[in-house]
Structures are given as structure tokens and as C-alpha cells.
Amino acid sequence: MSDLYTEVIVKRRQTPADTAKKVLLIAGTVLSAAAFLFTTLGIIALVLLAAFAVADYFLLPSFNVEFEYLYVNGELDIDKIMSKQKRKRAYSMDIKALEILAPSNSHELDYYNNKSDVKTYDFSSQEQGHKTYTMVVKGEKGMEKVIFEPNEVILKDMKRVAPREVNL
């Protein structure tokens, strides 16, 4: 039997709030540079310029996010890719820990949606009209709810491996 390997990349939608934050960061940097060059504020403007430059360096890449789902033989790894440069493992799970997998708007998830002690992770594009699925997993620190957008290959193999837990 051969190994099943599939990967899916989902780009997260930028919200208007993300765009506003980017504009404010860049505007703050430009204004502090102008204040440093053209006013007598001197060291204060230089400190502000340095603070905005550091904030730009660390925060601007976090607004351009993609998620990569990597599914290999019952193990799902989700990586967060920022600005197509930095990659970080965001979530990892084994199909054996799966409690339930269903479409996000399914009534089968009502019990878990009403519980307050379930930690939620959203690894979807947050686009209107995209079909998202929610899986509830027994994690190390309790129940975890993961929202994602798998392809048909991932869904079919999860159904094959755990038919009682996967409700398509």
C-alpha cells in the first residue's frame, strides 16, 4: 500500500482592519522620518522612527498569511506562511485524536459550539462562499476546534481512516 500525500494552500483574506493597520504603520514611519529630517524634534523623532521601523519589520509580514495543509497517512500538519517567506508550524494532529469532523455549519457540531472550554483555531481563508470544515480534536490540554478548508482527497482519506468520526 502506498503512502497518501497531499497538500493544499489557502490564502487568508485581508480584512479592512488589516489594511487600516498597515496604512497606519507605514504612515507613522513616514511621519516620524519627516519629523526627524525637517523639524527640531531630533532624538524624539529618531526614537519614534526606530520604533515604527521595528514594528513594520515584525508586523507587516503578519498581514499576508497563507495556510498550508499537509496530509500524510492520517496525520495533518498546518503551517502558517507569512509573506511567502516565513513558515511556522501552526497545528499538528493525528487522525486517532479526532472526535468529529463535519461541515462548519452542521448541526452535528452544536454540542461543541456551545461549550466554552473548547479552544478554537481558524486556519481558513475567511472568504464568503468557501466551504469550511470543523474538526474537534482531543488535544493535550483539552478539546480543540479546528476550522479549515480541506480538499476532497483529504476528506475522503479521513473518511476511510475514521468513518464514524467524519461526517461529510
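Worth a mention:
- In summary, Ala50 fulfils each of the numbered conditions (1) small (Gly, Ala, Ser); (2) assigned to a strand (DSSP E or B); (3) free of Cβ contacts under 8 Å to residues at least 24 places away in the same chain with the single exception of condition (2).
- Verdict on Ser83 being open to solvent by less than 40 Å² (accessible area, probe 1.4 Å), of a type in the set (Ser, Thr, Tyr), under 30 Å from Gly28 (Cα atoms) and in contact with a Lys or Arg (Cβ under 7 Å, 6 or more places away or on another chain): no
- Scope the range 81-110; condition among the charged types (D, E, K, R), part of a strand (DSSP E or B) and farther than 16 Å from Leu155 by Cα; matching residues: Lys86, Arg87, Lys88, Arg89
- Residue list for the range 111-167, restricted to those being in a loop (DSSP other than H, G, I, E, B) and in contact with a helix residue (DSSP H, G or I) (Cβ under 6 Å, 6 or more places away or on another chain): Val118, Ala162, Asn167
- Conditions (1) charged (D, E, K, R); (2) within 24 Å of Lys138 (Cα to Cα); (3) in contact (Cβ under 8 Å) with a residue 40 or more places away in the chain: number failed by Asp3: (2)
- Of residues in the range 65-79 being without any contact (Cβ under 8 Å) to a residue 24 or more places away in the chain and either within 17 Å of Ser125 (Cα to Cα) or basic (Lys, Arg) (or both), the one least open to solvent (accessible area, probe 1.4 Å): Asp79
- So Gly139, is it open to solvent by 20 Å² or more (accessible area, probe 1.4 Å), over 23 Å from Ala20 (Cα atoms) and modelled with pLDDT under 90: yes
- Residue check for Ala55: over 30 Å from Gln128 (Cα atoms), open to solvent by less than 60 Å² (accessible area, probe 1.4 Å), at pLDDT 90 or above and under 27 Å from the mean Cα position of the chain (by Cα): yes
- The single residue among Asn73, Asn114, Asn105 that is within 20 Å of Asn167 (Cα to Cα), within 21 Å of the chain's Cα centre (by Cα) and modelled with pLDDT under 90 turns out to be Asn105.
- Residue match in the range 28-43 (condition: open to solvent by 60 Å² or more (accessible area, probe 1.4 Å) and polar (S, T, N, Q)): yes
- Residue within the range 44-52 that is modelled with pLDDT under 90 and touching a Leu at 6+ places or on another chain (Cβ under 9 Å) present: yes
The values are calculated or read from the model by the stated rules, or taken from the named source; none is laboratory data. Keep in mind it's a predicted model, so treat the numbers as computed, not measured. So basically every Cβ, Gly included, is an ideal-geometry build from the backbone, and we count neighbours across all protein chains shown. Only protein heavy atoms, including side chains, enter the accessible area calculation; ligands, DNA and RNA are left aside. Shrake-Rupley method; radii C 1.70, N 1.55, O 1.52, S 1.80 Å.
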